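The values are calculated or read from the model by the stated rules, or taken from the named source; none is laboratory data. From a predicted model like this one, the values you see are computed outputs, not experimental measurements. Virtual Cβ from ideal backbone geometry, glycine too; neighbours counted across all protein chains shown. When the accessible area is computed, the model is the full protein with side chains, heavy atoms only, and any ligands, DNA or RNA have been set aside. Shrake-Rupley method; radii C 1.70, N 1.55, O 1.52, S 1.80 Å.
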Amino acid sequence: MATVERHDLAPETAAAVAAEGAAVGVPGGAVGRRKGAVGAREHSNAVGRRQFLRVSAVAGGGFMLGTWFDWLGAGEAAGAVGGPEAGVRLAGAMDDAALEAALNAFIRITPDGIVTLIAKNPEIGQGVKTMLPMIIADELDVQWESVRVEQASFDPEQYSGQSAGGSNATPTSWLPMRRVGAAGRQMLLAAAAQQWNVPVGALTTSPGVVHHRASGRQASYGELATTAGAMPAPDLETVPLKDPADFRIIGTDVRNVDAGAIVTGTQVYGIDFTVPGMLWAVYVKCPVFGGKFVSGNLDEVRAQPGVRHVFAVEGGTALNGLLDGVAIVADTWWQARTAQRVLDVTWDEGETAQHGSEAFAARAASLKGQAPGFTVRSDGDPDAALSSATRVVEASYHYPFLSHAPLEPQNCTAQWRDGRLEIWAPTQTPQSGRRLVASTLDMDEADITLHLMRIGGGFGRRLSNDYVVEAARVARELDGVPVKVLWSREQDVQHDFYRPAGWHHLTGGVDASGRLVAWKNHFVSFGEGERFGSSAGINATEFPAGFVGDFETAASLITAGIPTGALRAPGSNGLCFVMQSFLDELAHAGGVDPLAFRLELLSRTPERGGFDPERMRGVLELVAEKAEWGRELPRGTGRGIAFHFSHRGYFAEVVQATVSQAGELTIDRVWAAGDVGSQIINPLNAVSNVQGGVLDGLSEALGQEITIANGRTVQTNFHNFPLIRMRQAPPVEVHFRVTDNPPTGLGEPMLPPAIPALCSAIFAATGRRIRELPLSKNDLSWS
């Protein structure tokens with residue numbers, strides 16, 4: 001085991017990272033008791049289809065190396081970690097049209113020595129457009145400075161798992177990208193061996209050059225590229241890979257390939273993209289989720305300056321699909337937005353208009369005293385263990401609905417022409433988006449071309465493609481004229497797929513030595529029957545499940561028509577606050593140091609599963625060491641510690657906070673320690689991801705809350721759904737514990753522990769226990 005220490009980025013940089021964002025969440029299908037099975041599949045080494053190399057000659061000389069996939073069954077390689085079965089397919093020289101269509105290969109090398117690498121996954125601020133090409137470049141053995149990086153368009157025939165979410169890019173692409181790079185290097189070696197009539201084994205490479213040391217001959221990759229394009233493709237399963245000790249690029253600080261464009265304002269995001277002759281549109285939906293259009297003053301709106309088209313759209317009932325709305329299309333977005341203010345619509349608001357946050361809270365309170373609706377997990381006899389416990393603690397916790405609040409509101413550009421659609425979409429799930437459009441408009445997916453635009457923050461919001469299908473539907477009405485549908489900030493906040501609210505009624509017991517001996521949780525969430533709503537569930541293995549012999553998690557569900565979905569570290573971002581905060585309460589009740597209490601729990605032998613307690617102990621001990629846990633602090637200053645395992649990542653964090661007697665909170669510093677396996681591919685970006693994720697969690701805790709009244713969202717913009725400010729952002733010191741495990745992702749696992757660590761720090765400073773978020777609803781004053 002080794003540690004990598006990185007804490008050289010200023011708080012200002014960390015705050016910018018929080019705004020820029022990182023990958024968020026797994027899709028909301030993994031809920032409730034089924035979530036454990038999904039997690040097991042995420043760790044599987046099975047592959048659903050064969051991966052082949054495709055080698056193509058480039059017009060004018062050089063070669064192109066890519067992959068294609070052949071289905072082996074129903075499973076898809078997007079969730080696989082292991083290596084593909086091998087095979088080879090060759091393609092001959094291509095004409096210009098074929099070359100144009102095949103620019104989605106992973107590697108292109110031309111005789112002038114230019115190396116172009118393709119980033120296949122959507123870039124949402126997590127750095128994947130830099131990270132994936134780094135893996136290829138290292139195995140290919142080229143100088144990073146000589147590499148050009150391009151964003152792939154959506155092409156499921158050539159790429160597997162073209163999505164952003166669940167921190168999946170690293171674990172699913174690590175080995176495939178290494179093999180692609182190694183295969184390219186092997187073909188260049190074979191080309192030199194053929195030209196010089198020497199064995200391949202007698203050749204070596206230095207960045208961009210093949211050497212025959214015995215004779216002193218050498219050739220650049222550019223010189224060999226055309227010959228390499230005609231060489232047989234190697235077996236991907238057996239192609240030699242570098243010893244990690246020989247990595248030249250992996251493990252080094254590499255600046256984001258788009259950094260220059262971003263800081264100079266020239267980077268094109270989805271919101272910036274235009275095509276000639278494009279019109280702009282707003283799509284107005286019922287303020288109550290799922291409401292149906294009845295009538296409206298469309299003629300009056302049509303008469304407004306710059307307005308070209310106004311029409312009502314009949315949608316379906318699925319909240320994540322096309323809903324009823326009114327499209328206003330104009331020469332400019334501001335004209336469409338201004339005309340919207342004239343629009344007067346009568347909506348059928350439906351039953352959801354009867355729902356609201358106050359009613360949900362009242363229902364949750366009434367369920368507290370009733371038997372749970374169903375049991376998620378039950379071990380031993382927790383009631384008997386509680387009756388014999390030395391100390392028993394009861395507590396109720398609540399966290400609210402949250403909006404994703406990306407800096408770039410939802411947008412999509414589309415053009416319908418001759419029965420085909422071309423779409424430019426900032427989506428995290430392009431395959432789902434294309435499928436949704438095809439099914440909604442009764443099209444063949446093959447008639448839809450989708451281009452991936454750089455995304456100004458996703459956090460899980462763009463796992464849903466409602467804005468994509470809106471643009472497609474409006475474009476079909478315009479028949480040949482391109483159109484961009486752009487949401488306002490208010491629409492973005494009020495038509496989100498919110499992190500579900502939740503209520504937890506907990507009882508725990510400790511023995512005379514302060515050890516946890518019993519745990520019961522009655523979880524009140526959203527869903528129907530025994531089926532949790534999207535991202536509203538709890539895993540049967542949620543810690544401390546499996547570490548307490550007498551344990552129970554049960555649930556009761558509230559029916560609501562509120563759209564919910566995955567928010568960065570879905571599920572975990574709320575559950576960790578509750579579980580780790582209650583562990584802190586139990587440690588205090590047992591008179592045990594919170595760190596020692598957690599380490600004792602992790603020393604117990606758990607059931608078999610994906611969670612490794614030794615890895616978690618390692619990051620806990622590392623962060624405690626770096627933070628100098630246990631040091632004496634002045635009155636009014638406290639520290640909290642918390643950990644969480646999510647999306648294959650192990651993170652522990654310490655937060656130090658100071659609270660004035662009047663209740664003014666200052667977050668002084670955060671220490672974060674993570675274990676994401678054997679390689680930190682790009683330390684510069686990894687640190688930024690951790691700092692951004694920690695600050696994102698703190699931002700959620702400080703003042704963010706979505707409330708529902710009469711079936712509609714009350715909050716409208718950042719003035720009443722605030723993001724963390726520069727002045728509130730503490731320094732975040734980041735450490736990595738490098739272990740002998742496959743590398744995993746960093747979009748999400750650092751976020752959850754920040755929230756309970758902050759809340760426990762407030763308790764240590766003030767004696768006030770935080771059981772409800774956001775913190776702005778709590779009185780933090782003390783005397």
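Projecting label points 7 angstrom from Cα along Cα→Cβ for Ala312 and Glu237 puts them 6.0 nm apart. Pairs of Cα atoms nearer than 8 Å and 6+ residues apart set the relative contact order; for segment 395-544 it is 30 percent. The GluC sites (Glu not before Pro) found in segment 133-227 that occupy coil by DSSP, while having at most 15 further C-beta atoms within 10 Å, are Glu157.
Ranking of Ser603, Ser357 by solvent-accessible surface, largest first: Ser603, Ser357 (1.4 Å probe, protein heavy atoms only, all chains present). Accessible surface of the chain, 1.4 Å probe: 48 percent of it comes from carbon and sulfur atoms.
For the chain, what does the accessible surface come to per residue with a 1.4 Å probe? Please give it in Å².
Value for the chain: 36 Å² per residue.
Mind checking which aspartates and glutamates have their C-alpha under 19 Å from Lys120, skipping anything on the same chain fewer than 8 residues away? Leaving aside aspartates and glutamates fewer than 8 places away in the same chain, those within reach of Lys120 are Asp70, Glu76, Glu100, Asp138, Glu139, Glu150, Asp155, Glu157, Asp258, Glu422.
Taking each full run of DSSP H in the chain as one helix, which ones are at least 20 Å long along their axis (Cα atoms) and have mean Kyte-Doolittle hydropathy of at least -1.0?
Working: long enough: 169-196 (39 Å, 0.00); 572-589 (25 Å, 0.56); 613-627 (21 Å, -0.26); 683-703 (31 Å, 0.43); 751-766 (24 Å, 1.54).
Once both thresholds are applied, what remains is 169-196, 572-589, 613-627, 683-703, 751-766.
For Lys520, the aspartates and glutamates whose Cα falls under 15 Å of its own Cα, not counting residues fewer than eight places away in the same chain, are Asp379, Asp381, Asp383, Glu394, Glu542, Asp550, Glu552, Glu585.
Local charge sum around Glu490 (other residues, Cβ-Cβ under 14 Å, Lys/Arg +1, Asp/Glu -1)? Once positives and negatives cancel, what remains is +3. Between Asn741 and Glu600, full extension at 0.36 nm per residue minus the direct alpha carbon distance yields a gain of 48.4 nm.
Here's the picture: charge each Lys and Arg Cβ at +1 and each Asp and Glu Cβ at -1 in segment 668-783, and of Gly711, Val694, Gly677 the one pushed furthest to the positive end of that dipole is Gly711.
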